[in-house]
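A short write-up of the structure that comes next.
The values are calculated or read from the model by the stated rules, or taken from the named source; none is laboratory data. What you are looking at is a predicted structure, and each value in this text was computed from that prediction instead of being measured. Note that each Cβ is placed from the backbone with ideal geometry, even for glycine, and that neighbours are counted across all protein chains shown.
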Amino acid sequence: MRRLVNRHPGRGGALVLGALPFLLLVCVYLFASHLRAVANADDKLLPTPSVLASTIHSYAFEEDSRSGSVLFWQDTRASLERLFIALGLSAAIGLVFGVVIGVIPLVRSTLAPFVAALSMIPPLAILPILFIVLGLGEVAKIALMVIGVMPVIIRDLALRAGELPSEQLIKAQTLGASTWQLIVRVALPQIWPRLIDSLRLTLGSAWLFLIAAEAIASTEGLGYRIFLVRRYLAMDVILPYVVWITLLAFATDWLLKWIRSRACPWAEMAH
Amino acid sequence: MARVTARGLWKTYGAHVVLENVNLEVDDHEFVTIVGASGCGKTTFLKMLLGIETPSRGKLLIDGQPFVPEPNADRGIVFQRYSLFPHLTVLQNVLLGLEFERSHILGRLFGVSRRNAMANANRLLESIGLGSARDKYPAQLSGGVQQRLSIAQSVIRRPKLLLLDEPFGALDPGITLDLHKLILELWAANEMTIFMITHDVRESFQLGTRLLVFDKVRVDPQAPEAYGARITYDLRLKQKKRAGRFSAPAQEVSTQESESQQSKTA
């Protein structure tokens with residue numbers, strides 16, 4: 001019998017083992033919701049699969065009687081639009097500032113302490129300011145996400161750019177590189193994979209800020225819907241929405257990982 | 001083309017004296033090898049030649065002019081590690097120097113100029129036996145091949161001065177012999193002066209036309225940092241061989257050749 005630390009699952013084994021906790025969770029839910037349904041047929045807390053299915057059907061495949069649109073997809077589109085605009089903006093700004101702070105000492109001395117302080121502001125604490133200054137529209141919600149995510153990306157990328165071996169920067173200069181050429185050909189391309197990692201790591205907080213903003217002031221969106229139906233204890237809506245948000249976040253994460261392996265094959269080799 | 005002159009050169013960090021009164025006159029196209037114990041200022045001296053350290057006192061001149069105090073294309077460098085760009089393929093690593101030279105805004109070449117530069121880079125890669133590896137990334141190469149590539153990358157812009165900081169320190173002896181051959185070939189083919197730091201005394205005798213030993217002449221056991229290192233031995237090696245192989249007319253011819261080559265590719 002080999003020691004436990006030396007026993008590795010095969011490909012199929014790993015799949016089964018990975019699925020196990022999920023299956024366990026589903027079983028526990030089904031069991032608990034069955035118990036509650038037996039005790040009270042109108043239980044709202046843990047809706048049975050049939051109730052969940054009919055709610056999902058009415059939200060995802062039927063038009064809402066008041067607005068005439070299919071709520072589930074309308075919410076999904078609204079939320080994803082906000083999320084991707086905010087992530088795109090954060091990535092673009094973060095990349096520019098991160099690389100420049102990391103590579104140019106004068107800019108680092110000027111901006112690094114400022115960005116460090118900026119990143120310590122709790123974004124939710126300034127949400128009222130954003131709503132007051134920018135109004136209750138899309139801009140304020142996107143601004144909240146950008147303010148929450150961007151400083152983290154800037155700091156992460158600046159650190160990574162600063163970690164580029166000085167040998168490389170010196171070598172590039174002996175090949176005749178100007179500061180600009182150094183940035184576009186040496187620093188930026190090596191920062192790309194880190195930017196993608198950074199986005200993956202901040203995805204969670206981006207969703208957090210999105211849902212917070214939608215909960216407070218919105219007329220559509222996944223977070224808005226969850227907080228709207230909360231008043232009616234509509235767990236049959238909340239639970240599918242939460243699962244759906246998780247799936248979307250998971251898919252985005254997987255997509256970013258895939259892009260990284262495609263765009264930067266060299267980064268996978270280094271390890 | 002590079003004569004290097006050091007006159008009364010000192011390097012100090014506060015009270016810590018690293019180099020004291022270094023005097024040196026190195027002719028064009030010499031191959032200078034530098035040995036010495038650790039902490040004897042060899043690397044500091046090389047850094048001053050590279051332009052990332054400045055002398056505290058004294059003069060350091062290249063062809064009679066003071067050194068530009070930052071690295072530039074006059075000086076090539078090969079470090080022991082990290083000299084290659086991990087995100088570029090072998091070919092792109094070599095191409096990069098040409099792209100920096102000819103494309104100031106994008107740092108990339110397109111069309112005819114790209115094809116010319118590629119041909120240039122490919123020729124260099126073929127000549128050092130890396131033609132078949134041109135599409136690999138540095139992480140896919142062994143340590144010896146990485147250093148081979150790093151040396152090639154450093155000479156593509158034809159520096160006047162090639163600086164080698166223990167380039168073979170981390171390699172197997174068998175591989176090192178191959179690289180010795182390569183570096184001597186490149187030295188013969190290009191008009192450059194080489195400075196190489198090494199820990200291997202045999203290597204320093206085999207490769208160099210001139211051998212410098214850095215050592216501390218005075219040591220104060222109470223204050224080990226009070227005195228710096230000097231050049232304690234300055235040996236001229238292989239005088240005849242060098243004079244025979246690189247007589248003046250031959251040099252002129254090869255200069256013209258390289259110039260006409262450059263004008264063709266430009």
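Per the conditions (1) hydroxyl-bearing (Ser, Thr, Tyr); (2) surrounded by fewer than 16 Cβ atoms within 10 Å (Cβ to Cβ); (3) within 22 Å of the chain's Cα centre (by Cα), the sole criterion not satisfied by B:TYR227 is (3).
Restricting attention to region B:124-157, the residues that are in a loop (DSSP other than H, G, I, E, B), surrounded by 15 or more Cβ atoms within 10 Å (Cβ to Cβ) and more than 11 Å from chain A (Cβ to nearest Cβ) add up to 3. Selection of region A:252-271 for residues being surrounded by 15 or more Cβ atoms within 10 Å (Cβ to Cβ), within 14 Å of chain B (Cβ to nearest Cβ), part of a helix (DSSP H, G or I) and hydrophobic (A, V, I, L, M, F, W, C) yields A:TRP266, A:ALA267.
When we screen A:ALA215, A:ALA177, A:ALA234, A:ALA187 for residues that are of a type in the set (Gly, Ala, Ser), more than 24 Å from A:ALA143 (Cβ to Cβ) and free of Cβ contacts under 8 Å to residues at least 24 places away in the same chain, the only hit is A:ALA177. Can you give me the number of residues within region B:94-123 that are in a loop (DSSP other than H, G, I, E, B), crowded, with 18+ Cβ neighbours inside 10 Å and of a type outside the set (A, V, I, L, M)? The total comes to 1.
For region B:156-165, the set of residues classified as of a type in the set (D, E, K, R) and in contact with a Lys or Arg (Cβ under 9 Å, 6 or more places away or on another chain) consists of B:LYS160, B:ASP165, listed by residue number.
Let's see how each residue does on (1) closer than 25 Å to A:THR246 by Cβ; (2) among the polar types (S, T, N, Q):
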| site | (1), (2) |
| --- | --- |
| A:GLU163 | no, no |
| A:SER205 | yes, yes |
| A:GLU214 | yes, no |
| A:ALA217 | yes, no |
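Taken over region B:1-19, the criterion of being in a strand (DSSP E or B), in contact with a helix residue (DSSP H, G or I) (Cβ under 9 Å, 6 or more places away or on another chain) and closer than 28 Å to B:LYS238 by Cβ is satisfied by B:VAL4, B:ALA6, B:LEU9, B:LEU19.
For region A:99-112, the criterion of being assigned to a helix (DSSP H, G or I) and within 19 Å of the chain's Cα centre (by Cα) is met by no residue. Checking A:ILE216, A:ILE154, A:ILE132, A:ILE126 one by one, the residue that is modelled with pLDDT of 95 or more and either touching a Gly at 6+ places or on another chain (Cβ under 8 Å) or farther than 30 Å from B:ILE156 by Cα (or both) is A:ILE154 and no other. Exactly one residue out of B:GLY97, B:GLY107 is touching a residue at least 60 places away in the same chain (Cβ under 8 Å), at the interface with chain A (Cβ under 10 Å from one of its Cβ atoms) and closer than 26 Å to B:ASP135 by Cβ: that is B:GLY97. Surrounded by fewer than 16 Cβ atoms within 10 Å (Cβ to Cβ), within 12 Å of another protein chain (Cβ to nearest Cβ) and among the charged types (D, E, K, R) - does that describe any residue in region B:172-192? Scanning region B:172-192, I find no residue that is surrounded by fewer than 16 Cβ atoms within 10 Å (Cβ to Cβ), within 12 Å of another protein chain (Cβ to nearest Cβ) and among the charged types (D, E, K, R), so the answer is no. Residues in region A:157-193 that are surrounded by fewer than 18 Cβ atoms within 10 Å (Cβ to Cβ) and small (Gly, Ala, Ser): 3 in all.
Among residues of region B:209-220 that are under 17 Å from B:THR5 (Cα atoms), those with a beta-carbon under 7 Å from a residue that is assigned to a loop (DSSP other than H, G, I, E, B) at least six positions away or on a different chain give the pairs B:THR209/B:GLU30; B:THR209/B:LEU237; B:THR209/B:LYS238; B:ARG210/B:GLU30; B:ARG210/B:LEU237; B:LEU211/B:LEU237; B:PHE214/B:CYS40; B:PHE214/B:GLY41. Taking the stated definitions as given, is B:GLU166 touching a Ser or Thr at 6+ places or on another chain (Cβ under 9 Å), away from chain A (no Cβ under 14 Å) and not β-branched (Val, Ile, Thr)? The answer is no for B:GLU166.
Residues checked against (1) within 22 Å of A:ASP236 (Cβ to Cβ); (2) touching a Lys or Arg at 6+ places or on another chain (Cβ under 8 Å); (3) not in a loop (DSSP other than H, G, I, E, B):
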{"residue": "A:ALA19", "(1), (2), (3)": "no, no, yes"}
{"residue": "A:VAL28", "(1), (2), (3)": "yes, no, yes"}
{"residue": "A:TYR59", "(1), (2), (3)": "yes, no, yes"}
{"residue": "A:GLY68", "(1), (2), (3)": "no, no, no"}
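The set of residues in region B:20-61 that are closer than 21 Å to B:LYS238 by Cβ and either without any contact (Cβ under 8 Å) to a residue 12 or more places away in the chain or hydroxyl-bearing (Ser, Thr, Tyr) (or both) contains only B:THR33. Based on what the data block shows, is B:ARG242 assigned to a helix (DSSP H, G or I), at pLDDT below 70 and not small (Gly, Ala, Ser)? Spelling it out, B:ARG242 is indeed assigned to a helix (DSSP H, G or I), at pLDDT below 70 and not small (Gly, Ala, Ser). Within region B:64-85, if we keep just the residues that are in a strand (DSSP E or B), out of contact with any Asp or Glu (no Cβ under 8 Å at 6 or more places or on another chain) and facing chain A (nearest Cβ under 7 Å), the residue that is surrounded by the most Cβ atoms within 10 Å (Cβ to Cβ) turns out to be B:GLY76. Among the residues of region B:193-208, the one identified as modelled with pLDDT under 90, crowded, with 22+ Cβ neighbours inside 10 Å and of a type in the set (S, T, N, Q) is B:SER204. The sole residue among B:VAL35, B:VAL78, B:VAL18 that is touching a Ser or Thr at 6+ places or on another chain (Cβ under 7 Å), modelled with pLDDT of 90 or more, farther than 30 Å from B:ALA133 by Cβ and not aromatic (Phe, Trp, Tyr) is B:VAL35.
Going residue by residue through region B:4-22, is there one that turns out to be farther than 16 Å from B:PRO55 by Cα and surrounded by fewer than 19 Cβ atoms within 10 Å (Cβ to Cβ)? No, that holds for no residue.
So is B:LYS59 surrounded by 22 or more Cβ atoms within 10 Å (Cβ to Cβ), assigned to a strand (DSSP E or B) and in contact with a Pro (Cβ under 8 Å, 6 or more places away or on another chain) or not? Here the answer is no, as B:LYS59 does not meet what is asked.
Among helices (runs of 4 or more DSSP H) entirely within region A:145-251, having at least 3 residues that are within 14 Å of the chain's Cα centre (by Cα) singles out A:188-216. Evaluate the following for A:LEU164: is it over 30 Å from B:VAL155 (Cα atoms) and in the same structural domain as A:LEU239 (by TED's automatic domain parsing)? The answer is no for A:LEU164.
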